[in-house]
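The values are calculated or read from the model by the stated rules, or taken from the named source; none is laboratory data. Being a predicted model, the structure only gives us computed values, none of them experimental. Note: ideal-geometry Cβ built from the backbone for every residue, glycine included; neighbour counts use all protein chains shown. Side chains are part of the model used for accessible areas, which takes the heavy atoms of the whole protein and leaves out ligands, DNA and RNA. Shrake-Rupley method; radii C 1.70, N 1.55, O 1.52, S 1.80 Å.
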Amino acid sequence: MSAPRPSVLVFDVNETLIDIDSIATLFGELFGDQRVLREWFGQLVMYSMAATLSERYVDFFTLGQGVLRMLADTYRVDITDDDVLALKAAMLAMPPHPDTVAGLTRLRDAGFRLVTLTNSPPNPEGPSPLENAGLAGLFERTLSVDPCRAFKPAPAVYRYACQELRVTPGECMMVAAHVWDLLGAQNVGFSTALITSWGNPPLPVDGLPRPDLVVADLHQLVERLT
């Protein structure tokens, strides 16, 4: 690792800690092909960035429901309001990856401060995705981009996390399964770790920074950091 050892590990949530493939069944029921999940998620991320660059904001769940309706129009599939509500319910109830609890526990026991920074908004109607996944108690803070009214990888989001935690960017490592998230964190001075085990390899492009660590899972991250 080229950067100094961080004291604060800032985790992305969706796909990094919890399993978005758990909602593939819903897409199979609606579209006849579970692989549409990945198209939906890719467009959700793209339109979250487009909204931020356009200085617009709606929360991630609302945007996800809109993207679902857009894909239904594309595929000429009829979906109901109940189907759209089922997507939100599924986004709130995604389970953790098998290695998540043990890996986070090892990192916490090794003395790291653990926090999350997610595009998902707070859920005023009930438990958050982290709470439903049984992970919230492992973190010192669970931060959302919602107060910033901008999505990752906007620099303001990572600076907001530092302000909330009263730390400098150099003390923080962003841990995510998405290169685009790490690029935003690197831009403000975070070190970064890419988790590749969910089909998210590094981006080999000259002129773009590489992650400080590339690991297969949280257990390998523990070994590399300790």
Identify all residues within segment 10-41 that are on the phi > 0 side of the Ramachandran plot and not assigned by the TED database to the domain that holds Ala185; write none if there are none. Gly32
Flag for Leu183 being touching a Leu at 6+ places or on another chain (Cβ under 8 Å), within 21 Å of Ser7 (Cα to Cα), open to solvent by less than 30 Å² (accessible area, probe 1.4 Å) and not assigned by the TED database to the domain that holds Val58: no
What's the total number of residues in segment 52-65 that are surrounded by 13 or more Cβ atoms within 10 Å (Cβ to Cβ) and either assigned to a helix (DSSP H, G or I) or not hydrophobic (A, V, I, L, M, F, W, C) (or both)? 8
Could you list, in sequence order, all residues of segment 87-102 that are touching a Phe, Trp or Tyr at 6+ places or on another chain (Cβ under 9 Å) and either free of Cβ contacts under 8 Å to residues at least 24 places away in the same chain or open to solvent by 20 Å² or more (accessible area, probe 1.4 Å) (or both)? Lys88, Leu92
Only residues that are within 30 Å of Glu55 (Cβ to Cβ), open to solvent by 20 Å² or more (accessible area, probe 1.4 Å) and of a type in the set (S, T, N, Q): list them for segment 119-149, please. Asn123, Ser128, Thr142
Tell me, please, whether a residue that is open to solvent by 60 Å² or more (accessible area, probe 1.4 Å) and either under 17 Å from the mean Cα position of the chain (by Cα) or closer than 27 Å to Gly184 by Cα (or both) can be found in segment 66-86. no
Of all the residues that make up segment 158-180, how many are out of contact with any Leu (no Cβ under 7 Å at 6 or more places or on another chain), closer than 21 Å to Pro122 by Cβ and surrounded by 24 or more Cβ atoms within 10 Å (Cβ to Cβ)? 1
Being of a type outside the set (Ser, Thr, Tyr) and within 20 Å of Pro169 (Cα to Cα) is the filter here; which residues of segment 111-145 pass it? Gly111, Phe112, Arg113, Leu114, Val115, Leu117, Asn119, Phe139, Glu140, Arg141, Leu143, Val145
Somewhere in segment 38-51, is a residue loosely packed, with under 13 Cβ neighbours inside 10 Å and charged (D, E, K, R)? no
Qualifying positions in segment 146-189 - touching a Pro at 6+ places or on another chain (Cβ under 8 Å) and basic (Lys, Arg): Arg159
